[in-house]
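Asks: This is the structure I have questions about; it appears just below.
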Amino acid sequence: MAVEHEGRAMFVAGGTDLFPKLKRRQFEVDTLIGLDFLPREIHTGSTECVIGAGVTLASAARDPHLNDQFAGYAAAAGLVSSPPLRNAGTIGGNLCVDTRCNYYDMTYEWRKAAGFCLKKDGDICLVAPSSPRCWAVSSSDTAPMAIALDGMVNLTGPEGERELPVAALYRDDGIDYLAKRPEEVVTALRLRTSSDIRTAYVKLRRRGSIDFPIAGAAVAMRLEGDTVIECKIVLSAVASYPLEVPGAGAFLKNKRPDGETIRQTADIAAKPAKPLDNADLNYYWRKQMVRVVVEQALQLATTSRGGSMVKLLGLIHP
Ligand SMILES: Cc1cc2nc3c(=O)[nH]c(=O)nc-3n(C[C@H](O)[C@H](O)[C@H](O)COP(=O)(O)OP(=O)(O)OC[C@H]3O[C@@H](n4cnc5c(N)ncnc54)[C@H](O)[C@@H]3O)c2cc1C
Ligand code: SF4
């Protein structure tokens, strides 16, 4: 169907992101292809955990195995949006969710009055008018954690099935942000099982519920004794794709994660983050907060097997 209706159809899973965007005419298609048939089970084997793309965020957040093995991943799913939307929104939809921008996530009338923008109906970027590209922000909470865990996605399309590292699913482009072919469906997320992995996700948002991340850090690390032998850090909401910061993880390798090394790692991780003035709160302040969320995620991962932490800092924003 997707091939037959090329460019005029979209897939719909939970519809929690897609339906509001259809109403605001950010998406204009004449056909929706329902993905109700996608698997809704979580299978745990000896080497990997397979999460069906149709699993809801709420089910993933409360799944005992995910909480035991990948606490940071379950936490990230549990921090998406609000309870009703987590009951409908899916793991596949969260991996494919649209990038966001204050100038784009607006009503049709607002966008029209502003003259539209590159991402939809216009021909310049309102955030960076001299830029030839769109800088809309990757805002998925679970994608950074799936990348930190070296997750793989299964894709099914007209040419059959294939698998891809989650990291390779994204492009650094606010418009064409997915590297999969438009007619391919994400059918599952696969995470490698490991007894000694520690994970944590820290999300910064304005309110206690509903809000998208304005900065976030996903950490997956392994320790031998009190020494880090592997560490991956991926940032949310600071680029058009989940931004991995390999230099920061490499810095912490073979070191004891104490206050000082964690602070130094967070400084390195924050450097590549370049938030623009197109999301909630002040972008200069958001840049400073990246270092803070990384530091907190590293502390969480080090001191426990990892969970979530959500910061509600809108009220003390300068
Ligand atoms: C008020 C509000 C707050 C929100 N807050 C957050 C938040 O804090 N964090 C966050 O991450 N998200 C947030 N969201 C976005 C959304 O609710 C989630 O990202 C959710 O996981 C999307 O999943 P879904 O199944 O509803 O996707 P849908 O809305 O059905 O689809 C989203 C996109 O993915 C595509 N798609 C869906 N499933 C697949 C698949 N299996 N294969 C290929 N393409 C697919 C669709 O075509 C569409 O482009 C929020 C949305 C709203 C309205
Ligand atoms: S970054 Fe620019 S082009 Fe992209 S949605 Fe925002 S204003 Fe539009």
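FYI, it's all coordinate maths here, none of it is from the lab. Worth saying up front: this structure is predicted, and the values here are computed from it rather than measured. Positions of Cβ are backbone-derived with ideal geometry, glycine not excepted, and every protein chain shown enters the neighbour counts.
Asks: Sequence-distant or interchain residues sharing an amide H contact under 5 Å with SER240, placed H: which?
Replies: So SER240 has HN proximity to SER138.
Asks: For region 163-318, what Kirkwood radius comes out of the mean inverse Cα-Cα distance, in Å?
Replies: Working: mean 1/r = 0.0610 Å⁻¹.
Result for region 163-318 stands at 16.4 Å.
Asks: What full-extension length gain, to one decimal in nm, is calculated for GLN264 and MET106 as 0.36 nm per residue of separation minus the Cα-Cα distance?
Replies: Result: 53.0 nm gained on full extension.
Asks: In debye, nearest 20: dipole of the chain around its Cα centre with unit charges on the Cβ of K, R (+) and D, E (-)?
Replies: Once rounded to the nearest 20, the dipole reads 980 debye.
Asks: Would you mind checking which residues have amide H under 5 Å from ASP121's amide H? H placed 1.01 Å from N; only 5 or more apart, or other chain.
Replies: none
Asks: Could you run the Karplus curve 6.51 cos²θ - 1.76 cosθ + 1.60 with θ = phi - 60° over region 24-31 and give me ³J(HN,Hα) per residue in whole Hz, x for Gly and Pro?
Replies: My calculation for region 24-31 gives 8, 6, 6, 10, 10, 9, 9, 9 Hz in order.
Asks: Within region 28-53, which residues have the backbone N less than 18 Å from the label spot 7 Å out from THR193 along Cα→beta-carbon, could you tell me?
Replies: 41-52
Asks: Working from the pairwise distances between different alpha carbons, so that the mean of 1/r is found and then inverted, what is region 242-306's Kirkwood radius in Å?
Replies: Here the Kirkwood hydrodynamic radius works out to 12.4 Å.
Asks: While we're here: Using the Karplus curve 6.51 cos²θ - 1.76 cosθ + 1.60 with θ = phi - 60°, what ³J(HN,Hα) values do you get for each residue of region 40-57, in whole Hz, with x for Gly and Pro?
Replies: Listing the rounded values in order: 10, 10, 10, 9, 10, x, 6, 10, 8, 10, 10, 9, x, 5, x, 5, 6, 4 Hz.
Asks: Okay, moving on. What does the convex hull of the Cα atoms of the chain come to per residue, in Å³, rounded to a whole number? Can you show the working numbers first?
Replies: Numbers: hull volume 41.4 nm³, N = 318.
Value for the chain: 130 Å³ per residue.
Asks: Per DSSP H run of at least 4 residues, take -39500 (n - 2.57); add these up for the chain, divide by its residues and hand me the 222 nm value, nearest 500 deg cm²/dmol. It would help to have the intermediate numbers written out before the result.
Replies: Values: 11 runs with 91 residues, N = 318.
Result for the chain: -8000 deg cm²/dmol, rounded to the nearest 500.
Asks: For ASP150, enumerate residues with amide H under 5 Å from its amide H, sequence gap 5+ or separate chain, H modeled in the peptide plane.
Replies: Answer set, sorted by chain and number: none.
Asks: Run the numbers for TYR284 and SER46: contour at 0.36 nm per residue of separation, minus the present Cα-Cα distance, in nm. Don't skip to the end; give the middle numbers.
Replies: Values: separation 238, 0.36 × 238 = 85.68 nm, distance 4.49 nm.
Fully extending the segment from TYR284 to SER46 adds 81.2 nm.
Asks: May I ask you to list the lysines whose Cα is less than 25 Å away from that of LYS255, ignoring any residue fewer than eight positions away on the same chain?
Replies: Within the straight-line cut-off, LYS255 pairs with LYS232, LYS271.
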